[in-house]
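Notes follow the structure.
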Amino acid sequence: MRKKMINRYDGISLGVDIIFYVIFIVIGSILLEFQNINYNETTYAIPIFYVLGFFSLVSYFINRRPDDYEFLFFGLINIVTATYISNNYIYYDEEILGLGICLYTLAIALNKGYFTKCLMNKNDNDMLPKLISVILLTILGMFVSYHFVQGITVENLLLGYYFIGFGLFGLFEPLLKITIRIPFVKKYLDIFLSKENNMNENKKDDENKITKVRKPIKKEITKINKSKK
């Protein structure tokens, strides 16, 4: 029987990821569609982050994976960000929202970065899609935060484009995960990673050999110096 490219467990996991990031795109599209509504952008940013926090927690409980708490932390990050903005937005709306998104982006980068490191330690191929996602989302967040704080663009448009960009960049991760599960792609990726691991192991062996050679030489130099004294 032909081996399935994606097993049932991975299928559910990837499906949840895709739906979650599509929600970001839908929210951003709604903001752009109703951009002329006369409301302060901070007013609807607060419930949006709370809603995203709720969906993050739901995604975590649907998509429970061993030793993977990324969506749980993601949900908490959204809730904390919404609470921070709601407690401070009466002072300089644009700056608070910009700072909130900056902290939000930093927290997400640290969250995803930590689990990327965990995948690297396991030599899991999924580390590559997650790493790319971390880089793209960090660049997007820094760009949007800067424009909010500087106040050099229309805020409601920027917020809409931010959520759309976040959703699109986030979608790269599950879509790339699907791509690297294609048999011939996985084959060459495994070869590449195995070469990298072998190079690292050879480097460590060389360093150990150099250390072993240095120790006796250092001892002899110490003896010579003592005899001269």
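What follows draws every value from the coordinates through simple rules; no lab data is involved. Everything numeric here is computed off the predicted structure, so don't read it as measured data. Cβ coordinates were reconstructed from backbone atoms using ideal geometry, including for glycine residues, and neighbour counts include every protein chain displayed.
For the pair Thr43 and Asn123, what calculated FRET efficiency results from E = 1/(1 + (r/R0)^6), where r is the Cβ-Cβ distance and R0 = 35 Å, to the nearest 0.05? Numbers along the way, then the final one.
Values: r = 47 Å, r/R0 = 1.33.
With a Förster radius of 35 Å, E is 0.15.
Take each of the peptides 129-142, 157-170, average the number of other beta-carbon atoms within 10 Å over its residues, and list them starting from the highest. Can you show the working numbers first?
On the way: 129-142: 18.5, 157-170: 20.6.
Averaged packing, sorted descending, gives the order 157-170, 129-142.
Calculate, for Ser29 and Asn87, the FRET efficiency according to 1/(1 + (r/R0)^6) with r their C-beta to C-beta distance and R0 25 Å; round to the nearest 0.05.
After rounding, the FRET efficiency stands at 0.30.
Can you order the peptides 115-127, 48-60 by their average number of other Cβ atoms within 10 Å per residue, highest first? Mind dumping the intermediate values first?
Values: 115-127: 15.2, 48-60: 18.7.
Per-residue Cβ counts within 10 Å, averaged per peptide and sorted highest first, yield 48-60, 115-127.
Which of the peptides 20-33, 62-75 is most tightly packed, and how do the rest follow, going by the mean number of other Cβ atoms within 10 Å of each residue? Working shown, then result.
Details: 20-33: 17.6, 62-75: 15.6.
Ranking the peptides 20-33, 62-75 by packing returns 20-33, 62-75.
Quick one: putting +1 on the C-beta of Lys and Arg, -1 on the C-beta of Asp and Glu, what dipole do you get for segment 94-183 around its Cα centre, in Debye to the nearest 20? Show your work: numbers first, answer last.
Working: 6 positive and 6 negative charges, 101 e Å.
With only Lys, Arg, Asp and Glu charged at Cβ, the dipole is about 480 debye.
Note the full-extension length gain between Glu95 and Tyr50 as 0.36 nm times their separation in residues minus their Cα-Cα distance, in nm to one decimal. Walk me through the numbers before you get to the answer.
Working: separation 45, 0.36 × 45 = 16.20 nm, distance 1.97 nm.
Result for the pair: 14.2 nm of gain on full extension.
Relative contact order of segment 62-149, please, whole-number percent, based on alpha carbon pairs below 8 angstrom and at least 6 residues apart.
On the way: 64 pairs, mean separation 30.3, N = 88.
Rounded, it is 34 percent for segment 62-149.
Could you check the spin-label model distance between Leu106 and Ile18? Points 7 Å from the Cα along Cα→Cβ, value in nm.
Going by the 7 Å Cα→Cβ label model, 3.6 nm.
How high is the FRET efficiency between Gln150 and Ile191 when r is their beta carbon distance and R₀ equals 41 Å, given to the nearest 0.05? Spell out each step's value before the answer.
Numbers: r = 47 Å, r/R0 = 1.14.
For Gln150 and Ile191, the calculated efficiency is 0.30.
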